[in-house]
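What follows is calculated from the coordinates using simple rules that are stated; it is not laboratory data. These figures come from a predicted structure and were not determined experimentally. Note that each Cβ is placed from the backbone with ideal geometry, even for glycine, and that neighbours are counted across all protein chains shown.
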Ligand SMILES: Cc1cc2nc3c(=O)[nH]c(=O)nc-3n(C[C@H](O)[C@H](O)[C@H](O)COP(=O)(O)O)c2cc1C
């Protein structure tokens with residue numbers, strides 16, 4: 001099918017795609033559209049060389065954006081075929097989505113599309129444990145996209161929180177990582193990065209079930225909160241660790257997060273140990289399953305309305321496109 005997509009449909013799908021989570025809200029995607037084919041590329045101008053030197057977090061973000069795109073396409077009545085990191089010789093092409101008028105409707109993706117505007121990272125303390133039925137639903141959501149969501153037991157949760165604290169201490173002497181974070185986090189943000197308003201409270205004690213992203217003096221003295229001592233934490237992992245697996249992990253992440261949002265459940269991330277190869281292996285070991293850990297997710301019932309901004313949709317379209 002070669003005719004161009006209606007511009008309103010393009011706007012709807014790309015707005016959904018860029019609402020996806022990305023590390024430090026860098027929004028490291030760009031899109032090319034040719035007829036009914038939408039390609040998701042890495043934007044090499046929005047890297048995090050200190051904290052994400054291999055581009056893993058960028059590929060996870062691209063997978064999340066591709067999942068939102070598929071949901072939005074379904075809600076507009078298109079069916080979507082897709083391939084993740086389809087050509088090894090084109091490492092920046094992370095997803096190709098081919099839209100077709102659909103005969104078979106995917107009601108689940110349509111339903112999840114409704115949740116896209118409501119999902120956001122919530123770094124506030126939580127108050128109640130998740131029901132077992134929801135834990136199973138989230139596990140299934142990850143599995144459908146080719147990943148595993150592994151719930152940690154109490155001992156493993158404490159081990160992860162200790163690792164999170166160890167990593168924070170490891171970072172204190174790393175000026176490169178601290179400078180990079182200061183560039184993206186804190187203050188007022190109208191297009192990208194994490195504003196001070198989305199940081200949530202400062203933990204009252206350590207280890208804590210939150211990543212304190214603050215770098216600026218004013219953020220370091222913000223109000224304190226007491227985080228849950230037995231948080232609901234799961235590790236998202238894949239069997240292999242090729243670029244396509246990392247993109248799939250991103251799609252699985254977003255499917256899990258939208259499924260949680262629909263159930264009124266919030267999520268935040270404790271990913272700092274995963275940014276170091278040795279600790280990433282330790283975290284995977286705590287799952288007692290083989291594989292490669294991509295995200296450490298804390299689920300809960302906090303109800304913050306803090307939001308992060310996005311750039312204008314036009315900024316994400318490659319310049320050579322009409
Ligand atoms: C790969 C990846 C890693 C992330 N790591 C963390 C983290 O360690 N701590 C955290 O609080 N948020 C983390 N985030 C969440 C981002 O900061 C968040 O998605 C971004 O600021 C956009 O905000 P939103 O999710 O509310 O839309 C991560 C997101 C991605 C995709």
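Could you compute the FRET efficiency for residue 305 and residue 89, with r as their C-beta to C-beta distance and R0 at 41 Å, rounded to 0.05?
Result of the calculation: an efficiency of 0.40.
Give the angle, between 0 and 90 degrees and rounded to the nearest 10, that separates the Cα long axis of helix 277-286 from the longest principal axis of the Cα atoms of the chain.
Compared with the principal axis, the helix lies near 80 degrees.
Given a cut-off of 18 Å, what percent of all Cα-Cα pairs of segment 117-205 lie beyond it?
Of all Cα-Cα pairs in segment 117-205, 68 percent lie more than 18 Å apart.
If you count the DSSP beta bridges with both ends in the chain, what percent of them are antiparallel, to the nearest 5?
About 85 percent, rounded to the nearest 5.
How big is the gap, in Å, between the Cα center of segment 123-148 and the Cα center of segment 32-111?
Value for the Cα centre distance between the two parts: 23 Å.
If the elastic network links every pair of Cα atoms under 10 Å, which of 142, 306, 19 fluctuates the most in the Gaussian network model of the chain?
Evaluated over the chain, the most mobile residue of the options is 306.
In whole Å, what is the distance between the alpha-carbon centres of segment 180-205 and segment 245-310?
Comparing the Cα centres of segment 180-205 and segment 245-310, I get a distance of 19 Å.
Between residue 110 and residue 191, how high is the FRET efficiency from 1/(1 + (r/R0)^6) when r is the Cβ-Cβ distance and R₀ = 22 Å? Nearest 0.05.
0.15
FRET efficiency for residue 221 and residue 278, Cβ-Cβ distance as r, R0 = 51 Å, nearest 0.05?
0.95
In degrees between 0 and 90, to the nearest 10, how far off the longest principal axis of the chain does helix 56-75 point, with axes built from Cα atoms?
Helix 56-75 sits at roughly 50 degrees to that axis.
Pick from 126, 229, 22 the residue whose mean-square fluctuation is largest in a GNM of the chain, springs joining Cα atoms under 10 Å.
Sorting by GNM fluctuation, first place goes to 229.
Please compute the contact order of segment 132-300 in relative form: average sequence separation of alpha-carbon pairs under 8 Å and at least six residues apart, divided by the residue count, as a percent.
In percent, rounded to a whole number, it is 30.
Give, as ranges by residue number, the residues of segment 208-225 whose backbone N falls under 18 Å from the point 7 Å along Cα→Cβ of residue 183.
Output list for this probe position: 214-216.
What translational D, rounded to a whole number of µm²/s, comes out for the chain from Stokes-Einstein when the hydrodynamic radius is the Kirkwood one over Cα pairs, at 4 °C and 1.567 mPa s?
Rounded to a whole number, D works out at 65 µm²/s.
Taking the chain as the reference, fit the longest principal axis to its C-alpha atoms, fit the long axis of helix 175-184 to the helix C-alpha atoms, and give the angle between the two in degrees, 0 to 90, nearest 10.
50 degrees
Have a look at 194, 33, 221 and tell me which one the Gaussian network model of the chain (Cα, springs below 10 Å) gives the largest fluctuation.
Of 194, 33, 221, the most mobile in the Gaussian network model is 221.
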